[in-house]
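Asker: Starting off with a structure, shown below.
The values are calculated or read from the model by the stated rules, or taken from the named source; none is laboratory data. All values reported here derive from a predicted model rather than from experimental measurement. No Cβ is skipped: glycine too gets one built from the backbone with ideal geometry, and neighbour counts run over all protein chains shown. Side chains are part of the model used for accessible areas, which takes the heavy atoms of the whole protein and leaves out ligands, DNA and RNA. Shrake-Rupley method; radii C 1.70, N 1.55, O 1.52, S 1.80 Å.
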Amino acid sequence: MRLSKIYRVKLLAMSLVAAFLCVTLIGGSGFGQRQARPDRTQPDDKTRLFGSELDVDPPDVEAIYVKLLEKPTSEGNALLKVIYVKSEQSRIGRQVPIQLEKRRIVLRDDGEAGDEKAGDGVYSAVIDFDFAEFEQQQRRLQDVKDKEQLVVPIFKGRERVSEERAQILDLRKLRVGQEIKIFPFFPPLIDPKRSLMITDPSVVKDPARTFNPCTNTGTPMGKWTFGRLMREMANQPSTGVNPSTFVRNWLREWVTNQSINGFTVQNRAAQMLAQILGPWQAQSGGPNLNLARAPFILVAIVNRVDLRTNPVYGGTGGNAGEARFVFGAVGPNCQMLPFTVIFEYGVPKKGCPAVKLWGQQWANLSTLPLGSPAYLAALENITDQFSLANANPAKPNGSALNQLRTNEIALSFPWELREFVIKPSHQLEEDTVKQTPDLTRNNTPTLANFINPRTAAILANNYVVPNTFPGVTPFLGGSALTPSGGAGGTHWNAAGILNLNARHIFSLNTCNGCHAGETATRFLHVDPQVSPAGLSGFLTGETIPDVVQGPVVMHNFNDLARRAVDLSTLVNSPCFFQLGFETLRMTH
């Protein structure tokens, strides 16, 4: 019988006597108990060999062991043993290639190359484990002055469920032939303000890289300005698209009704023209927008490496998650509007060594004085890797942008979230809001009929909301209207939903549920009308009752702490610690 994630963590923490730290990995990414994934088909050999599926949907792991070999071989000094959940073994076959720091290896359950017994569900491979580096990591823990940093929050999905104290273990106790059961974990020795959610004025108002069109301070078209990012996205030398036209066409998506997936997204023309487009054109002296005068001010730079695919299974579709710029819109009287624009870039780095190096660049920011010349230069080097033109030549316009999202009530009531992607036309056009049905589907039998058969997949965060349901009936929304925020605000529910935990997860994963009722948020997780930008309790820590079940079920959120544990574990642990990492299915 599989032990629950939390129970296994506590059991291991009491019983480990050797060289590894023991706790669950965050964000749905550890070796926890998950519901069986339904409707999974057997992949072909090519899929299995090259990991084109496993990086996105990795197999569930029961446990990992490492055993020090009596005599090192040319392949390494230790035997890595991985026990996959029994139901996964038919999917993955008898050989599972993975990418570690120095080379690609194959975990085998065929009795060959170090595997002790064929077909026993234990996948093995000889690896070269750097015990000296791990000893250094242990010593770094011993040197931590603030011992509270060694208390590690435990997350199940996006929720904090407990905490454990890190054990500092002595490798000198390790004996040849001893089999050590490990659990991936590292304390969150990361400063979120420097490495995860960067809102400090010394950065977002840096005069060399940002510009304020109201005070005329900073550098017009600096590296982190709205206009510069849009110019790089349009990529005129490659596309022939004028950046001014690119931006104006995007803004005019609010001027006329849009038909998205069969739903009509109502225009917000009057206030778009009065608050944004009209004043900008007037300042520009005509319809050709002066991008240097863009009425948008930078409020945050965000690291979302936690959205990566699994880095050890590789595959052609692997990535290192996302990185984001958050801007606030400025009205004609230079007032900050309740209107955010988020540039969400994919980071096209594949394989564990490259993903770890990417994470290390962000982690290194925690060692530099916030806003110092060294810090700003290091951060610019990071942002250049995803924001410049041709950062990803395989995507439209050569831009690494995954999507651009907006959230506003400045143009009309109610709050509305929209999503835009670069289409083959080279233009930024409105698209469906992912994981979020149209609001007309809320409180209907259709919603219950969607959730109930998928309860196991939803509880495992292993589902995708389709464009149509049932059949060819439009389902996924063209925008996410959010009539009410805060406790008890907009959320998803319907009579007949059988599992209210599945209801909560489904609703939390929607745009309007996440920005309102499920997290008791007043519409914005990053509020541009506060300086530095105000952050929601979902990000910084809150305990709230379930919006449907009430105080009998409490939800404890602290997403920045979750991301800190994830980043710290990624950069401070061997690659095989990532075997159980699972990509979040949440867009926020």
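Asker: Of the conditions (1) farther than 16 Å from Thr383 by Cβ; (2) in contact (Cβ under 8 Å) with a residue 60 or more places away in the chain; (3) basic (Lys, Arg), Arg252 satisfies every one except a single condition; which number is it?
Answerer: With (1) farther than 16 Å from Thr383 by Cβ; (2) in contact (Cβ under 8 Å) with a residue 60 or more places away in the chain; (3) basic (Lys, Arg) applied to Arg252, the lone miss is (2).
Asker: Could I ask something else about it? Ser259 fails exactly one of the following numbered conditions: (1) among the small types (Gly, Ala, Ser); (2) within 18 Å of Leu428 (Cα to Cα); (3) open to solvent by less than 30 Å² (accessible area, probe 1.4 Å). What is the number of that condition?
Answerer: (3)
Asker: Just one of Val152, Val144 is open to solvent by less than 40 Å² (accessible area, probe 1.4 Å), more than 27 Å from the chain's Cα centre (by Cα), modelled with pLDDT under 90 and under 30 Å from Leu560 (Cα atoms); which is it?
Answerer: It is Val144.
To keep it simple, each residue is scored yes or no on (1) among the hydrophobic types (A, V, I, L, M, F, W, C); (2) touching a helix residue (DSSP H, G or I) at 6+ places or on another chain (Cβ under 7 Å).
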{"site": "Leu277", "(1), (2)": "yes, yes"}
{"site": "Ser284", "(1), (2)": "no, yes"}
{"site": "Asn310", "(1), (2)": "no, yes"}
{"site": "Asn319", "(1), (2)": "no, no"}
{"site": "Glu322", "(1), (2)": "no, yes"}
{"site": "Gly328", "(1), (2)": "no, no"}
{"site": "Gly331", "(1), (2)": "no, yes"}
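Asker: Across the stretch 109-137, which residue is nearest to the chain's Cα centre (by Cα) among those that are open to solvent by 50 Å² or more (accessible area, probe 1.4 Å) and not acidic (Asp, Glu)? Quick ask: steps written out before the conclusion?
Answerer: Step one: filter the stretch 109-137 for residues open to solvent by 50 Å² or more (accessible area, probe 1.4 Å), giving 112-113, 116-118, 120, 128, 130, 132-133, 135-136.
Imposing the further condition that a residue be not acidic (Asp, Glu) reduces the set to 113, 117-118, 132, 136.
Numbers: Ala113: 36, Lys117: 38, Ala118: 37, Ala132: 32, Gln136: 29 Å.
Checking each candidate, the answer is Gln136.
Asker: For the stretch 306-336, which residues satisfy the criterion of being in a strand (DSSP E or B), touching a Leu at 6+ places or on another chain (Cβ under 9 Å) and over 25 Å from Asn390 (Cα atoms)?
Answerer: Matches in the stretch 306-336: Gly328, Ala329, Val330.
Asker: If you don't mind, another one. Take the conditions over 21 Å from the mean Cα position of the chain (by Cα), more than 30 Å from Gly534 (Cβ to Cβ) and not aliphatic (A, V, I, L, M) and apply them to Asn449. Does it pass?
Answerer: Here the answer is yes, as Asn449 does meet what is asked.
So that you can scan it fast, the table gives a plain yes or no per residue for (1) of a type outside the set (Gly, Ala, Ser); (2) closer than 26 Å to Gly477 by Cα:
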residue	(1), (2)
Pro207	yes, no
Asn212	yes, no
Arg231	yes, no
Asn242	yes, no
Asn267	yes, yes
Ala294	no, no
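Asker: Do we have any residue at all in the stretch 78-97 that's more than 28 Å from the chain's Cα centre (by Cα), surrounded by 19 or more Cβ atoms within 10 Å (Cβ to Cβ) and modelled with pLDDT under 90?
Answerer: no
Asker: Has the stretch 550-558 got any residue that is modelled with pLDDT of 95 or more, open to solvent by less than 30 Å² (accessible area, probe 1.4 Å), closer than 21 Å to Ala480 by Cβ and within 15 Å of the chain's Cα centre (by Cα)?
Answerer: no
Asker: Any idea which of Ser531, Ser507, Ser536, Ser484 is farther than 22 Å from Asn461 by Cα, hydroxyl-bearing (Ser, Thr, Tyr) and open to solvent by less than 20 Å² (accessible area, probe 1.4 Å)? Explain how you work it out, then say what you get.
Answerer: Numbers: Ser531 fails: open to solvent by less than 20 Å² (accessible area, probe 1.4 Å); Ser507 fails: farther than 22 Å from Asn461 by Cα; Ser484 fails: open to solvent by less than 20 Å² (accessible area, probe 1.4 Å).
Unique residue meeting the criteria: Ser536.
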